[in-house]
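Every number in this text was worked out from the coordinates using simple rules, so none of it is lab data. Everything numeric here is computed off the predicted structure, so don't read it as measured data. FYI the Cβ positions are ideal-geometry reconstructions off the backbone, even for glycines, and counts take in every protein chain you see.
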Amino acid sequence: MRELNRVLSERLSVLEARLRQTPRNSHKPPSSEGYEKPAPRSRRERTERESGGQPGHEGRTLRQVKDPDEVLVHQPVACAGCGRSLADAPVVSTEARQVFDLPVIVLRVAEHRLEHRRCGCGQVTMAPVPDGVGAPTQYGPGVRALASYLLAAQHLPLARTAELLTELVGAPISQGSLAGWYLDAAAGLEPFLDTVIAGLRAAPVLGADETGIRLDGALAWVHAARTDELTLYTVSARRGVEAMREAGVLPALSADTVLVHDFWAPYWTFHVAHAVCGAHLGRELAAAGEVDGQADWADGLDRLLAEINRTTIAARRLGADGLAEPLLGTYRRRYDELITAGWAANPEHHRGARGRTRRPKHVNLLDRLDTHRDEVLRYAHNLNVPFTNNGSEQDVRPVKIRMKIAGCLRTMSGAEAFCRHRSYLSTARKQGQSTFAALRMLHQNSPWIPAVPATPG
């Protein structure tokens, strides 16, 4: 009975801890809380800055243009005072008011007449066929680019895309044609993908993340490798190391490359300099602080990591290459003291010891923070390394949006096409390009090729 009571007590503790999990103290998504979720509470500390746009922010206020497309002059007919006609009255001033609106959207049809001319020798020769003109009637790159934009960028289903093009553009396109354009465009992205993969392999710092999708009724995984300038999505039926190797980026990284990730075990198999996401650690430390007797070290470490992050942000603004060694030494000493306090709060568990007994989550977290000190504090030693892997999480968010809208992807070829399109659109946005203009270039068989930042040194 004592043994059964112990087992049941441990099981109850695990279940209660699972019930206490929220997006603020675990990796659960915000949508998992439903409609009863509490008011949002940011982990950011208050500053002296006012809310809203900051100094230097350009803003998006609608402003008048110097050269309007059309000028309509409105003249007063009669005097508002005496009622006389103002037909011959002088103009003393004008007031301009501009209305920004869409013109009527209609398809523009260009007819290509290919002349056949007969030579004196009797031979008839036809004029060369222009590029992209392969049939008696066809839709041009603008329509095909708009269809791809609606499917890949706005995540519209095929039926709704066809309906929108019919209603707004007057182009009654079948769903089969839309799917064919989409797949053909994805197949034409090979030069773009080669450039992105080469750029990611040469990057000094990059982030990685993965997320699950429903594919043909089963679970599959989309992997993202990214920098602030480049994004690559790949899809696989597997989640771990094999899928990462198939993507072709992480295995090719040099030992000096810093890989930012969320502490997931497969990332540690690659021979690189690792950096751990501070946002993930912050949520885990928040959960550890809710356990009886663990608040001192857990909350203390959470505050320390946030303080170091603020220091690194200030150092970057000043143009510094790194933090002074005495300051780094102070931070390391405070980190060591908090880790020591954490083990003292858990006397039944020994540092580095792993037996058959299941250890609580907060002890496993403490052990990881103790074992991987260099990786946790990488951002303090290298100011090019971000404190969090939020950039990777933001890059995989469109995948979750697609799943919420469509529910699943039906085929692996469709999933691969989706990942190629998203890689193209994400990279174009990061480099300040118009995604629609980039798609138009793609449908003209001349895909936009990104600029790859030069590697330092």
Relative to the present Cα-Cα distance, how much length would full extension add between residue 96 and residue 10 at 0.36 nm per residue of separation?
23.5 nm
Quick check: the angle from helix 295-317's long axis to the longest principal axis of the chain, C-alpha only, nearest 10 degrees?
40
Once the Cα atoms of helix 2-19 and of the chain are each reduced to a long axis, what angle between those two axes, in degrees from 0 to 90 to the nearest 10, is obtained?
30
Return an integer: the convex hull volume of the alpha-carbon atoms of segment 278-388, in Å³ per residue.
91
Mean Cβ neighbour count within 10 Å, used as a protection proxy, ranking 198-210, 283-295, 312-324 highest first:
198-210, 283-295, 312-324
Based on alpha-carbon centroids, what's the gap between segment 298-317 and segment 58-116 in Å, whole number please?
55
Between 178, 338, 168, whose Cα lies farthest towards the positive end of the dipole of the chain when Lys and Arg beta carbons carry +1 and Asp and Glu beta carbons carry -1, centred on the Cα centre?
338
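Scan segment 340-418 for GluC sites (Glu not before Pro) in coil per DSSP, keeping those whose Cβ has at most 15 other Cβ atoms within 10 Å, and list them by number. Walk me through the numbers before you get to the answer.
Numbers: sites: 348, 375, 393, 416; in loops: 348.
Counting only loop positions with at most 15 other Cβ atoms within 10 Å, the GluC sites (Glu not before Pro) in segment 340-418 are 348.
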Can you put 401, 308 in order of Cβ neighbours within 10 angstrom, beginning with the fewest?
401, 308
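Which whole-number percent gives the relative contact order of the chain, counting Cα pairs below 8 Å spaced six or more residues apart? List each step's numbers first, then the result.
Working: 508 pairs, mean separation 92.9, N = 457.
Once normalised by length, the contact order is 20 percent.
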Under the helix-only model (-39500 (n - 2.57) for each DSSP H run of 4 or more, divided by the residues of the chain), the mean residue ellipticity at 222 nm, to 500 deg cm²/dmol, is -12500 deg cm²/dmol
Binning at 5 angstrom from zero up to the longest distance, how are the C-alpha pair distances of segment 336-450 distributed in percent?
2, 8, 12, 12, 11, 10, 9, 10, 9, 8, 5, 3, 1, 0
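Sort 121, 79, 408 by Cβ crowding within 10 Å, fewest neighbours at the top.
Values: 121 5, 79 11, 408 15.
Fewest-to-most Cβ neighbours within 10 Å comes out as 121, 79, 408.
Net charge within 15 Å of residue 445 by Cβ-Cβ distance, Lys/Arg positive one each and Asp/Glu negative one each, not counting residue 445 itself?
Values: positive: 144, 440; negative: 131, 184, 190.
Charge balance near residue 445 sits at -1.
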Expected unfolding gain across residue 307-residue 135 under the 0.36 nm per residue rule, minus the alpha-carbon gap, is 55.5 nm
What are the aspartates and glutamates whose alpha-carbon lies under 17 Å from the alpha-carbon of residue 404, with same-chain residues fewer than 8 places away excluded?
33, 210, 216, 393, 395
Using the Kirkwood radius over Cα pairs of segment 175-244, the Stokes-Einstein translational diffusion coefficient at 37 °C and 0.692 mPa s, in µm²/s and rounded to a whole number, is 238
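To the nearest µm²/s, what D does Stokes-Einstein give for the chain at 20 °C and 1.002 mPa s, using the Kirkwood radius over alpha carbon pairs as Rh? Before the final figure, lay out each step's value.
Details: Rh = 27.3 Å.
In µm²/s, the coefficient rounds to 78.
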Using Cβ contacts closer than 10 Å as the measure, can you line up 367, 299, 256 from fewest to most?
256, 299, 367
Cα centroids of segment 163-221 and segment 394-457: how far apart, whole angstrom?
6
Each residue of segment 387-393 in order: what ³J(HN,Hα) in whole Hz does its phi give by Karplus 6.51 cos²θ - 1.76 cosθ + 1.60, θ = phi - 60°, with x for Gly and Pro?
5, 10, 9, 4, x, 5, 5
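If you take the beta carbon distance between residue 321 and residue 397 as r and set R0 to 41 Å, what does 1/(1 + (r/R0)^6) give as a FRET efficiency, to the nearest 0.05?
Details: r = 32 Å, r/R0 = 0.79.
Efficiency computed from Cβ-Cβ geometry: 0.80.
Using square roots of five times the C-alpha gyration tensor eigenvalues, list the equivalent-ellipsoid semi-axes of segment 60-198 in whole Å, biggest first.
On the way: eigenvalues 477, 155, 57 Å².
Whole-Å semi-axes of the equivalent ellipsoid: 49, 28, 17.
Could you list the chymotrypsin sites (Phe, Trp or Tyr not before Pro) in segment 221-298 that lie in coil according to DSSP, counting only those with at most 15 other Cβ atoms within 10 Å of their Cβ? Before the final figure, lay out the partial values.
Details: sites: 221, 233, 263, 264, 267, 268, 270, 297; in loops: 263, 264, 270.
Answer by residue number: 264.
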Magnitude of the Cβ-charge dipole of the chain, K/R +1 and D/E -1, about the Cα centre, nearest 20 debye?
760
Take residue 334 and residue 372, extend 7 Å from each Cα along the Cα→Cβ direction, and tell me the distance between the two endpoints in nm.
2.3
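Once the piece of chain linking residue 406 and residue 106 is laid out straight, how much longer is it, given 0.36 nm per residue of separation minus the C-alpha distance between them? The partial results should precede the final answer.
Working: separation 300, 0.36 × 300 = 108.00 nm, distance 2.95 nm.
Separation in residues times 0.36 nm, less the Cα-Cα distance, equals 105.1 nm.
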